[in-house]
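A quick write-up on the structure given underneath.
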Amino acid sequence: MTEAPPGSGPTDDLAARVAALMPRAKADLAELVAIPSVADPRQFPPEHCRRAAEWVAAAFAEVGLRDVRLVKTPDGSHAVLGHRPAPPGAPTVLLYSHYDVQPPLDDAAWQSPPFELTERDGRWYGRGAADCKGNIVMHLTALRALGGDLPVGLKLVVEGSEEQGTGGLEAYVPDHADELRADALLICDTGNAAVGVPTATTALRGLANVVVTVSTLTGDVHSGMFGGPAPDALAALIRILDSLRDTDGSTRVNGLDGTGTWPGIGYDEQRFRTDAGVLDGVELLGSGSVADRLWARPAVTVLGINCPPVVGSAAAVPARARARVSLRVPPGTDAATAADALTAHLRAAAPWGARVEVERESTGSPFRAATDGPAYAALDRAMREAYGEPVSFLGQGGSIPLCNVLAGTFPDAEVILMGVEEPRCLIHAPNESVEPSEIERMARVEALFLRHYGAGRG
(Lines give C-alpha, C1' and ligand atoms only; values in the text may rest on other atoms or scores of the structure.)
Protein backbone atom coordinates (compact mmCIF):
# COMPACT_ATOMS: atom_id res chain seq x y z
CA MET A 1 0.00 0.00 0.00
CA THR A 2 1.35 3.41 -0.97
CA GLU A 3 1.44 6.55 1.12
CA ALA A 4 -1.65 8.78 1.12
CA PRO A 5 -1.25 12.55 0.69
CA PRO A 6 -1.14 14.34 4.04
CA GLY A 7 -4.04 16.49 5.18
CA SER A 8 -3.68 20.22 5.43
CA GLY A 9 -6.69 21.35 7.41
CA PRO A 10 -10.43 21.85 7.38
CA THR A 11 -10.44 24.24 4.38
CA ASP A 12 -9.39 21.47 1.97
CA ASP A 13 -11.69 20.79 -0.95
CA LEU A 14 -12.86 17.34 0.12
CA ALA A 15 -14.43 16.56 -3.25
CA ALA A 16 -11.11 17.09 -5.02
CA ARG A 17 -9.16 15.23 -2.37
CA VAL A 18 -11.47 12.22 -2.51
CA ALA A 19 -11.37 12.22 -6.31
CA ALA A 20 -7.56 12.22 -6.24
CA LEU A 21 -7.66 9.19 -3.92
CA MET A 22 -9.84 7.03 -6.19
CA PRO A 23 -6.92 5.26 -7.94
CA ARG A 24 -5.70 4.29 -4.47
CA ALA A 25 -9.21 3.12 -3.59
CA LYS A 26 -9.33 0.90 -6.66
CA ALA A 27 -5.92 -0.59 -5.90
CA ASP A 28 -6.91 -1.30 -2.31
CA LEU A 29 -10.19 -2.86 -3.36
CA ALA A 30 -8.36 -5.08 -5.86
CA GLU A 31 -6.07 -6.34 -3.08
CA LEU A 32 -9.02 -7.05 -0.77
CA VAL A 33 -11.20 -8.72 -3.40
CA ALA A 34 -8.28 -11.01 -4.28
CA ILE A 35 -8.50 -12.53 -0.79
CA PRO A 36 -11.30 -15.18 -0.79
CA SER A 37 -12.36 -14.42 2.79
CA VAL A 38 -15.38 -16.70 3.03
CA ALA A 39 -15.82 -17.47 6.74
CA ASP A 40 -16.80 -21.10 6.19
CA PRO A 41 -13.94 -23.57 6.64
CA ARG A 42 -15.97 -26.18 4.76
CA GLN A 43 -15.55 -24.10 1.62
CA PHE A 44 -12.38 -22.00 2.02
CA PRO A 45 -9.33 -22.29 4.28
CA PRO A 46 -9.54 -20.05 7.39
CA GLU A 47 -6.15 -18.53 6.53
CA HIS A 48 -7.86 -16.36 3.92
CA CYS A 49 -9.98 -14.65 6.56
CA ARG A 50 -6.94 -14.18 8.75
CA ARG A 51 -5.09 -12.58 5.83
CA ALA A 52 -8.01 -10.23 5.13
CA ALA A 53 -8.20 -9.24 8.80
CA GLU A 54 -4.49 -8.46 8.86
CA TRP A 55 -4.81 -6.37 5.68
CA VAL A 56 -7.64 -4.35 7.24
CA ALA A 57 -5.72 -3.85 10.48
CA ALA A 58 -2.63 -2.59 8.65
CA ALA A 59 -4.67 -0.21 6.48
CA PHE A 60 -6.47 1.45 9.39
CA ALA A 61 -3.28 1.70 11.42
CA GLU A 62 -1.76 3.51 8.45
CA VAL A 63 -4.53 6.14 8.46
CA GLY A 64 -3.91 6.98 12.09
CA LEU A 65 -6.01 4.69 14.26
CA ARG A 66 -4.32 3.47 17.43
CA ASP A 67 -4.06 0.07 19.03
CA VAL A 68 -5.43 -1.59 15.89
CA ARG A 69 -5.62 -5.29 16.64
CA LEU A 70 -7.36 -8.57 15.93
CA VAL A 71 -9.61 -9.96 18.66
CA LYS A 72 -11.08 -13.45 18.64
CA THR A 73 -14.85 -13.54 19.01
CA PRO A 74 -16.88 -16.42 20.50
CA ASP A 75 -17.57 -18.05 17.11
CA GLY A 76 -13.82 -18.26 16.40
CA SER A 77 -13.72 -15.42 13.88
CA HIS A 78 -11.48 -12.37 14.27
CA ALA A 79 -12.77 -8.80 14.45
CA VAL A 80 -10.48 -5.84 13.78
CA LEU A 81 -10.69 -3.16 16.49
CA GLY A 82 -9.02 0.22 16.78
CA HIS A 83 -9.63 3.73 18.04
CA ARG A 84 -8.57 7.36 17.94
CA PRO A 85 -9.30 9.48 21.03
CA ALA A 86 -11.77 12.34 20.75
CA PRO A 87 -10.67 15.94 21.22
CA PRO A 88 -11.85 17.38 24.57
CA GLY A 89 -15.63 17.62 24.62
CA ALA A 90 -16.06 16.10 21.18
CA PRO A 91 -18.24 13.09 20.36
CA THR A 92 -17.04 9.67 19.24
CA VAL A 93 -18.15 7.86 16.08
CA LEU A 94 -18.00 4.10 15.55
CA LEU A 95 -17.14 2.94 12.03
CA TYR A 96 -18.37 -0.57 11.16
CA SER A 97 -17.92 -2.91 8.23
CA HIS A 98 -17.07 -6.60 7.65
CA TYR A 99 -14.31 -8.25 5.65
CA ASP A 100 -15.86 -11.69 5.16
CA VAL A 101 -17.80 -12.32 1.96
CA GLN A 102 -20.39 -14.63 0.52
CA PRO A 103 -19.08 -17.64 -1.44
CA PRO A 104 -19.01 -17.05 -5.20
CA LEU A 105 -21.77 -19.65 -5.73
CA ASP A 106 -21.71 -20.70 -9.39
CA ASP A 107 -18.30 -19.79 -10.82
CA ALA A 108 -19.61 -20.44 -14.33
CA ALA A 109 -22.19 -17.66 -13.91
CA TRP A 110 -19.48 -15.04 -13.38
CA GLN A 111 -18.42 -13.08 -16.45
CA SER A 112 -15.01 -12.49 -14.86
CA PRO A 113 -13.14 -14.30 -12.05
CA PRO A 114 -15.01 -13.67 -8.76
CA PHE A 115 -11.84 -12.94 -6.77
CA GLU A 116 -10.24 -10.65 -9.33
CA LEU A 117 -11.43 -7.03 -9.43
CA THR A 118 -12.44 -6.40 -13.04
CA GLU A 119 -13.65 -3.16 -14.59
CA ARG A 120 -16.51 -3.52 -17.06
CA ASP A 121 -18.84 -0.80 -18.36
CA GLY A 122 -17.54 1.57 -15.71
CA ARG A 123 -18.30 -0.73 -12.73
CA TRP A 124 -15.87 -2.78 -10.66
CA TYR A 125 -16.77 -6.48 -10.45
CA GLY A 126 -15.74 -9.07 -7.88
CA ARG A 127 -17.03 -10.90 -4.82
CA GLY A 128 -17.11 -8.41 -1.96
CA ALA A 129 -16.55 -5.41 -4.25
CA ALA A 130 -19.63 -3.86 -2.64
CA ASP A 131 -20.53 -6.15 0.29
CA CYS A 132 -18.63 -5.23 2.23
CA LYS A 133 -15.09 -4.54 1.06
CA GLY A 134 -16.29 -1.55 -0.92
CA ASN A 135 -17.43 -0.03 2.37
CA ILE A 136 -14.06 -0.73 3.99
CA VAL A 137 -12.41 1.18 1.15
CA MET A 138 -14.99 3.94 1.55
CA HIS A 139 -13.98 4.33 5.22
CA LEU A 140 -10.30 4.41 4.32
CA THR A 141 -10.80 6.96 1.55
CA ALA A 142 -12.78 9.28 3.84
CA LEU A 143 -10.12 9.14 6.54
CA ARG A 144 -7.30 9.69 4.03
CA ALA A 145 -9.12 12.71 2.62
CA LEU A 146 -9.41 14.21 6.11
CA GLY A 147 -5.82 13.43 6.98
CA GLY A 148 -5.17 14.61 10.53
CA ASP A 149 -8.22 16.90 10.55
CA LEU A 150 -10.59 14.89 12.75
CA PRO A 151 -12.89 16.81 15.11
CA VAL A 152 -14.34 13.58 16.55
CA GLY A 153 -13.06 10.46 18.22
CA LEU A 154 -13.20 7.20 16.30
CA LYS A 155 -13.86 3.59 17.20
CA LEU A 156 -13.43 0.89 14.56
CA VAL A 157 -14.89 -2.59 14.30
CA VAL A 158 -14.60 -4.73 11.17
CA GLU A 159 -16.03 -8.18 11.77
CA GLY A 160 -15.14 -11.47 10.15
CA SER A 161 -18.24 -13.68 10.11
CA GLU A 162 -21.21 -11.44 9.30
CA GLU A 163 -22.18 -13.38 6.18
CA GLN A 164 -22.22 -16.70 8.04
CA GLY A 165 -24.59 -15.39 10.70
CA THR A 166 -22.75 -17.24 13.46
CA GLY A 167 -22.97 -14.27 15.82
CA GLY A 168 -19.35 -13.86 16.87
CA LEU A 169 -19.37 -10.09 17.16
CA GLU A 170 -22.90 -9.96 18.59
CA ALA A 171 -21.71 -12.20 21.43
CA TYR A 172 -18.54 -10.14 21.90
CA VAL A 173 -20.10 -6.67 22.18
CA PRO A 174 -22.01 -6.82 25.50
CA ASP A 175 -18.97 -7.98 27.47
CA HIS A 176 -16.63 -5.44 25.81
CA ALA A 177 -18.89 -2.42 25.61
CA ASP A 178 -16.23 0.14 26.50
CA GLU A 179 -14.13 -0.89 23.49
CA LEU A 180 -16.96 0.11 21.14
CA ARG A 181 -18.89 2.80 23.03
CA ALA A 182 -19.69 5.80 20.82
CA ASP A 183 -22.24 8.57 20.33
CA ALA A 184 -23.00 7.75 16.70
CA LEU A 185 -22.64 4.37 15.01
CA LEU A 186 -22.01 4.31 11.24
CA ILE A 187 -23.03 0.81 10.19
CA CYS A 188 -21.75 0.73 6.63
CA ASP A 189 -23.27 -2.41 5.16
CA THR A 190 -26.15 -0.96 3.11
CA GLY A 191 -26.40 1.59 0.32
CA ASN A 192 -28.41 4.15 -1.59
CA ALA A 193 -31.83 3.53 -3.13
CA ALA A 194 -30.14 3.99 -6.52
CA VAL A 195 -26.88 5.38 -7.83
CA GLY A 196 -26.87 9.10 -7.05
CA VAL A 197 -29.83 9.01 -4.64
CA PRO A 198 -28.56 9.82 -1.11
CA THR A 199 -30.17 7.39 1.30
CA ALA A 200 -29.96 6.05 4.82
CA THR A 201 -31.49 2.75 5.79
CA THR A 202 -33.72 3.17 8.82
CA ALA A 203 -35.40 -0.25 8.99
CA LEU A 204 -34.12 -3.79 8.59
CA ARG A 205 -36.18 -6.91 8.25
CA GLY A 206 -35.29 -9.70 10.60
CA LEU A 207 -35.39 -13.36 9.69
CA ALA A 208 -36.57 -16.75 10.82
CA ASN A 209 -34.95 -19.68 9.00
CA VAL A 210 -36.16 -23.26 9.40
CA VAL A 211 -35.58 -26.64 7.80
CA VAL A 212 -38.74 -28.69 7.28
CA THR A 213 -38.55 -32.46 6.79
CA VAL A 214 -41.50 -34.49 5.47
CA SER A 215 -41.63 -38.29 5.84
CA THR A 216 -44.30 -40.62 4.51
CA LEU A 217 -42.71 -44.08 4.04
CA THR A 218 -40.07 -46.22 5.71
CA GLY A 219 -38.12 -46.05 2.46
CA ASP A 220 -38.49 -45.27 -1.24
CA VAL A 221 -40.69 -47.76 -3.11
CA HIS A 222 -41.10 -48.63 -6.78
CA SER A 223 -43.60 -46.26 -8.40
CA GLY A 224 -44.87 -48.96 -10.75
CA MET A 225 -45.73 -51.31 -7.91
CA PHE A 226 -46.84 -48.80 -5.26
CA GLY A 227 -47.36 -45.41 -6.94
CA GLY A 228 -50.86 -44.04 -6.49
CA PRO A 229 -51.86 -45.07 -2.98
CA ALA A 230 -48.32 -44.71 -1.60
CA PRO A 231 -47.96 -41.17 -0.18
CA ASP A 232 -45.29 -39.15 -2.00
CA ALA A 233 -43.16 -37.14 0.49
CA LEU A 234 -42.00 -34.69 -2.17
CA ALA A 235 -45.58 -34.01 -3.28
CA ALA A 236 -46.55 -33.47 0.35
CA LEU A 237 -43.68 -31.02 0.78
CA ILE A 238 -44.71 -29.14 -2.35
CA ARG A 239 -48.25 -28.75 -0.99
CA ILE A 240 -46.91 -27.50 2.34
CA LEU A 241 -44.66 -24.94 0.67
CA ASP A 242 -47.43 -23.81 -1.66
CA SER A 243 -49.60 -23.04 1.37
CA LEU A 244 -47.19 -20.23 2.30
CA ARG A 245 -48.49 -18.02 -0.55
CA ASP A 246 -51.85 -16.64 -1.61
CA THR A 247 -52.93 -16.85 -5.25
CA ASP A 248 -51.32 -13.45 -6.00
CA GLY A 249 -48.04 -14.61 -4.48
CA SER A 250 -48.39 -12.71 -1.20
CA THR A 251 -46.75 -14.41 1.75
CA ARG A 252 -49.33 -16.06 3.97
CA VAL A 253 -48.25 -17.38 7.35
CA ASN A 254 -51.10 -18.00 9.75
CA GLY A 255 -50.85 -15.61 12.70
CA LEU A 256 -48.68 -12.96 10.95
CA ASP A 257 -49.95 -9.61 9.65
CA GLY A 258 -49.33 -9.15 5.92
CA THR A 259 -50.87 -5.70 5.50
CA GLY A 260 -48.11 -3.32 6.69
CA THR A 261 -47.27 -0.12 4.79
CA TRP A 262 -43.92 1.65 4.34
CA PRO A 263 -43.80 5.39 5.25
CA GLY A 264 -40.43 6.27 3.65
CA ILE A 265 -39.12 6.57 0.10
CA GLY A 266 -40.89 4.40 -2.47
CA TYR A 267 -39.43 1.94 -4.94
CA ASP A 268 -40.53 2.42 -8.54
CA GLU A 269 -41.95 -0.86 -9.87
CA GLN A 270 -40.15 -0.75 -13.21
CA ARG A 271 -36.84 0.06 -11.53
CA PHE A 272 -37.40 -2.83 -9.14
CA ARG A 273 -38.03 -5.16 -12.08
CA THR A 274 -34.77 -4.02 -13.65
CA ASP A 275 -32.79 -4.18 -10.39
CA ALA A 276 -34.10 -7.65 -9.57
CA GLY A 277 -33.73 -8.96 -13.12
CA VAL A 278 -37.40 -9.95 -13.43
CA LEU A 279 -38.05 -11.54 -16.83
CA ASP A 280 -40.44 -9.84 -19.26
CA GLY A 281 -44.00 -11.02 -18.73
CA VAL A 282 -43.35 -12.40 -15.24
CA GLU A 283 -45.52 -10.74 -12.60
CA LEU A 284 -44.30 -9.34 -9.30
CA LEU A 285 -45.68 -11.12 -6.25
CA GLY A 286 -48.20 -9.72 -3.82
CA SER A 287 -50.21 -6.52 -3.55
CA GLY A 288 -49.57 -3.01 -2.25
CA SER A 289 -46.56 -0.91 -3.19
CA VAL A 290 -43.19 -2.50 -3.86
CA ALA A 291 -41.85 -0.74 -0.76
CA ASP A 292 -44.70 -2.20 1.34
CA ARG A 293 -43.88 -5.70 0.15
CA LEU A 294 -40.15 -5.28 0.64
CA TRP A 295 -39.88 -3.50 3.95
CA ALA A 296 -43.18 -3.62 5.84
CA ARG A 297 -44.52 -7.16 5.37
CA PRO A 298 -43.29 -10.70 6.02
CA ALA A 299 -41.79 -12.42 2.97
CA VAL A 300 -41.12 -16.13 2.57
CA THR A 301 -38.48 -17.71 0.33
CA VAL A 302 -37.76 -21.38 -0.27
CA LEU A 303 -33.96 -21.37 -0.19
CA GLY A 304 -33.38 -25.00 -1.10
CA ILE A 305 -34.90 -28.47 -1.41
CA ASN A 306 -33.39 -31.90 -0.82
CA CYS A 307 -35.03 -34.41 -3.16
CA PRO A 308 -33.94 -36.79 -5.93
CA PRO A 309 -32.22 -34.90 -8.78
CA VAL A 310 -33.65 -35.11 -12.28
CA VAL A 311 -30.52 -36.71 -13.68
CA GLY A 312 -30.17 -40.11 -12.08
CA SER A 313 -33.62 -40.18 -10.52
CA ALA A 314 -35.28 -43.59 -10.19
CA ALA A 315 -38.86 -44.73 -10.78
CA ALA A 316 -39.57 -44.55 -7.07
CA VAL A 317 -42.00 -42.83 -4.70
CA PRO A 318 -39.89 -40.56 -2.43
CA ALA A 319 -40.15 -41.44 1.25
CA ARG A 320 -38.55 -38.25 2.54
CA ALA A 321 -38.00 -34.66 1.36
CA ARG A 322 -36.59 -31.55 3.02
CA ALA A 323 -36.64 -27.82 2.39
CA ARG A 324 -34.91 -24.79 3.87
CA VAL A 325 -37.37 -21.95 4.31
CA SER A 326 -36.54 -18.33 5.13
CA LEU A 327 -39.04 -15.80 6.46
CA ARG A 328 -38.08 -12.12 6.40
CA VAL A 329 -39.65 -10.34 9.38
CA PRO A 330 -40.62 -6.64 9.20
CA PRO A 331 -40.00 -4.14 12.02
CA GLY A 332 -42.76 -4.36 14.60
CA THR A 333 -42.87 -8.17 14.51
CA ASP A 334 -40.88 -10.24 16.98
CA ALA A 335 -38.60 -12.72 15.20
CA ALA A 336 -39.23 -15.51 17.72
CA THR A 337 -42.98 -15.02 17.37
CA ALA A 338 -42.60 -15.18 13.59
CA ALA A 339 -40.59 -18.41 13.89
CA ASP A 340 -43.33 -19.91 16.07
CA ALA A 341 -45.98 -18.94 13.53
CA LEU A 342 -43.99 -20.35 10.61
CA THR A 343 -43.36 -23.61 12.45
CA ALA A 344 -47.03 -24.01 13.36
CA HIS A 345 -48.13 -23.19 9.82
CA LEU A 346 -45.81 -25.77 8.23
CA ARG A 347 -47.00 -28.50 10.57
CA ALA A 348 -50.68 -27.67 10.14
CA ALA A 349 -50.39 -27.63 6.33
CA ALA A 350 -49.18 -31.24 6.09
CA PRO A 351 -51.51 -33.33 3.85
CA TRP A 352 -52.38 -37.00 4.16
CA GLY A 353 -51.11 -37.31 7.73
CA ALA A 354 -47.52 -36.86 6.55
CA ARG A 355 -45.02 -36.55 9.36
CA VAL A 356 -43.43 -33.11 9.58
CA GLU A 357 -40.38 -32.09 11.56
CA VAL A 358 -39.34 -28.43 11.73
CA GLU A 359 -35.82 -27.56 12.83
CA ARG A 360 -35.19 -23.93 13.73
CA GLU A 361 -31.98 -22.86 12.11
CA SER A 362 -31.62 -19.17 13.02
CA THR A 363 -33.53 -16.02 13.91
CA GLY A 364 -32.63 -12.36 13.68
CA SER A 365 -34.62 -9.45 15.05
CA PRO A 366 -35.81 -6.60 12.82
CA PHE A 367 -34.52 -3.09 13.48
CA ARG A 368 -35.82 0.48 13.24
CA ALA A 369 -33.65 3.57 13.79
CA ALA A 370 -34.63 6.89 15.36
CA THR A 371 -33.80 9.73 12.95
CA ASP A 372 -34.37 12.93 14.94
CA GLY A 373 -30.95 13.39 16.57
CA PRO A 374 -27.85 15.50 15.80
CA ALA A 375 -26.09 12.69 13.90
CA TYR A 376 -28.91 12.47 11.38
CA ALA A 377 -28.89 16.26 11.05
CA ALA A 378 -25.17 16.13 10.28
CA LEU A 379 -25.74 13.29 7.81
CA ASP A 380 -28.45 15.24 5.98
CA ARG A 381 -26.12 18.23 5.66
CA ALA A 382 -23.33 15.99 4.35
CA MET A 383 -25.64 14.28 1.84
CA ARG A 384 -26.89 17.66 0.55
CA GLU A 385 -23.33 18.84 -0.01
CA ALA A 386 -22.16 15.63 -1.69
CA TYR A 387 -25.25 14.80 -3.75
CA GLY A 388 -27.18 18.06 -3.93
CA GLU A 389 -30.25 16.41 -2.38
CA PRO A 390 -31.50 15.77 1.16
CA VAL A 391 -31.19 12.31 2.61
CA SER A 392 -34.03 9.86 1.97
CA PHE A 393 -34.97 6.90 4.15
CA LEU A 394 -35.52 3.33 3.00
CA GLY A 395 -35.76 -0.15 4.43
CA GLN A 396 -33.61 -3.16 3.67
CA GLY A 397 -34.64 -6.72 3.03
CA GLY A 398 -31.45 -7.96 4.63
CA SER A 399 -30.89 -8.28 8.34
CA ILE A 400 -27.88 -7.06 10.31
CA PRO A 401 -28.28 -8.71 13.74
CA LEU A 402 -25.49 -6.56 15.17
CA CYS A 403 -27.71 -3.45 14.93
CA ASN A 404 -30.04 -4.64 17.67
CA VAL A 405 -27.13 -5.70 19.85
CA LEU A 406 -25.48 -2.29 19.48
CA ALA A 407 -28.77 -0.45 20.04
CA GLY A 408 -29.38 -2.47 23.19
CA THR A 409 -25.83 -2.02 24.47
CA PHE A 410 -25.69 1.71 23.65
CA PRO A 411 -29.31 2.92 23.91
CA ASP A 412 -28.36 6.60 23.71
CA ALA A 413 -26.30 6.25 20.52
CA GLU A 414 -27.68 7.12 17.08
CA VAL A 415 -27.45 4.30 14.56
CA ILE A 416 -26.95 5.21 10.88
CA LEU A 417 -26.95 2.56 8.17
CA MET A 418 -25.40 3.66 4.88
CA GLY A 419 -22.83 2.61 2.33
CA VAL A 420 -22.09 1.77 -1.30
CA GLU A 421 -24.42 -1.21 -1.85
CA GLU A 422 -27.09 0.15 -4.21
CA PRO A 423 -29.37 -2.38 -5.96
CA ARG A 424 -27.30 -2.84 -9.12
CA CYS A 425 -24.46 -4.22 -7.00
CA LEU A 426 -26.18 -7.65 -6.95
CA ILE A 427 -24.70 -8.48 -3.55
CA HIS A 428 -24.76 -12.21 -2.69
CA ALA A 429 -25.25 -13.07 -6.38
CA PRO A 430 -22.84 -13.88 -9.22
CA ASN A 431 -21.34 -10.80 -10.88
CA GLU A 432 -21.41 -8.62 -7.77
CA SER A 433 -20.11 -5.15 -8.56
CA VAL A 434 -19.76 -1.64 -7.19
CA GLU A 435 -20.23 1.72 -8.86
CA PRO A 436 -16.97 3.69 -8.30
CA SER A 437 -18.84 6.99 -8.11
CA GLU A 438 -20.73 5.65 -5.09
CA ILE A 439 -17.45 4.90 -3.28
CA GLU A 440 -16.26 8.39 -4.18
CA ARG A 441 -19.35 10.29 -3.11
CA MET A 442 -20.10 8.20 -0.03
CA ALA A 443 -16.49 8.65 1.12
CA ARG A 444 -17.05 12.37 0.78
CA VAL A 445 -20.34 12.05 2.71
CA GLU A 446 -18.55 10.24 5.52
CA ALA A 447 -15.76 12.83 5.69
CA LEU A 448 -18.26 15.69 5.69
CA PHE A 449 -20.37 13.93 8.32
CA LEU A 450 -17.39 13.57 10.66
CA ARG A 451 -16.63 17.28 10.27
CA HIS A 452 -20.21 18.48 10.73
CA TYR A 453 -20.99 16.13 13.60
CA GLY A 454 -17.83 17.13 15.42
CA ALA A 455 -18.46 20.85 14.86
CA GLY A 456 -22.03 20.56 16.06
CA ARG A 457 -21.28 18.51 19.18
CA GLY A 458 -17.83 19.67 20.22
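The values are calculated or read from the model by the stated rules, or taken from the named source; none is laboratory data. Worth saying up front: this structure is predicted, and the values here are computed from it rather than measured. Methodologically, a virtual Cβ is constructed for each residue, glycine included, from the backbone with ideal geometry; neighbour enumeration extends over all protein chains shown. Heads up: the accessible areas ignore ligands, DNA and RNA and are worked out on the full protein's heavy atoms, side chains in. Shrake-Rupley method; radii C 1.70, N 1.55, O 1.52, S 1.80 Å.
If you scan the range 424-436, which residues turn out to be in a helix (DSSP H, G or I) and open to solvent by less than 40 Å² (accessible area, probe 1.4 Å)?
Scanning the range 424-436 gives CYS425, PRO436.
Can you tell me which residue is farthest from THR259 (Cα to Cα) among those in the range 319-344 that are touching a helix residue (DSSP H, G or I) at 6+ places or on another chain (Cβ under 8 Å) and charged (D, E, K, R)?
Among those that are touching a helix residue (DSSP H, G or I) at 6+ places or on another chain (Cβ under 8 Å) and charged (D, E, K, R), it is ARG320.
Quickly run through the range 101-126 and pick out the residues that are touching a strand residue (DSSP E or B) at 6+ places or on another chain (Cβ under 6 Å), open to solvent by 20 Å² or more (accessible area, probe 1.4 Å) and either in contact (Cβ under 8 Å) with a residue 40 or more places away in the chain or basic (Lys, Arg) (or both).
If the condition is that a residue be touching a strand residue (DSSP E or B) at 6+ places or on another chain (Cβ under 6 Å), open to solvent by 20 Å² or more (accessible area, probe 1.4 Å) and either in contact (Cβ under 8 Å) with a residue 40 or more places away in the chain or basic (Lys, Arg) (or both), then LEU117, TYR125 are the ones that fit.
For the range 60-79, state whether one or more residues are buried (at least 21 other Cβ atoms within 10 Å of the Cβ) and part of a helix (DSSP H, G or I).
Looking through the range 60-79, at least one residue is buried (at least 21 other Cβ atoms within 10 Å of the Cβ) and part of a helix (DSSP H, G or I).
Provide a single number: the residues in the range 330-370 that are of a type in the set (Val, Ile, Thr) and at pLDDT below 95.
Number of matching residues: 2.
Looking at ASP189 and the list (1) among the acidic types (Asp, Glu); (2) open to solvent by less than 20 Å² (accessible area, probe 1.4 Å); (3) closer than 19 Å to ALA315 by Cβ, which single condition is not satisfied?
(3)
Among LEU207, LEU217, LEU234, which is the only one that is among the aliphatic types (A, V, I, L, M), modelled with pLDDT under 95, farther than 30 Å from GLU389 by Cα and open to solvent by 20 Å² or more (accessible area, probe 1.4 Å)?
LEU207
Pull up the range 385-418, narrow it to residues that are among the aliphatic types (A, V, I, L, M) and outside any helix (DSSP H, G or I), then point me to the one that is surrounded by the most Cβ atoms within 10 Å (Cβ to Cβ).
VAL415
For the structure I just gave you, tell me whether THR343 is in a helix (DSSP H, G or I), out of contact with any Leu (no Cβ under 7 Å at 6 or more places or on another chain) and open to solvent by 60 Å² or more (accessible area, probe 1.4 Å).
Considered against the rule, which asks whether it is in a helix (DSSP H, G or I), out of contact with any Leu (no Cβ under 7 Å at 6 or more places or on another chain) and open to solvent by 60 Å² or more (accessible area, probe 1.4 Å), THR343 comes out as no.
Search the range 248-271 for residues that are in contact (Cβ under 8 Å) with a residue 40 or more places away in the chain and over 21 Å from GLU283 (Cβ atoms) and pair each with any residue that is assigned to a loop (DSSP other than H, G, I, E, B) and of a type in the set (S, T, N, Q) when their beta-carbon atoms are under 8 Å apart and the residues are at least 6 apart or on different chains.
LEU256/THR333; ASP257/THR333
Can you pull out the residues in the range 358-378 that are of a type outside the set (Gly, Ala, Ser), open to solvent by less than 30 Å² (accessible area, probe 1.4 Å) and more than 23 Å from ALA296 (Cβ to Cβ)?
Result: VAL358, single match.
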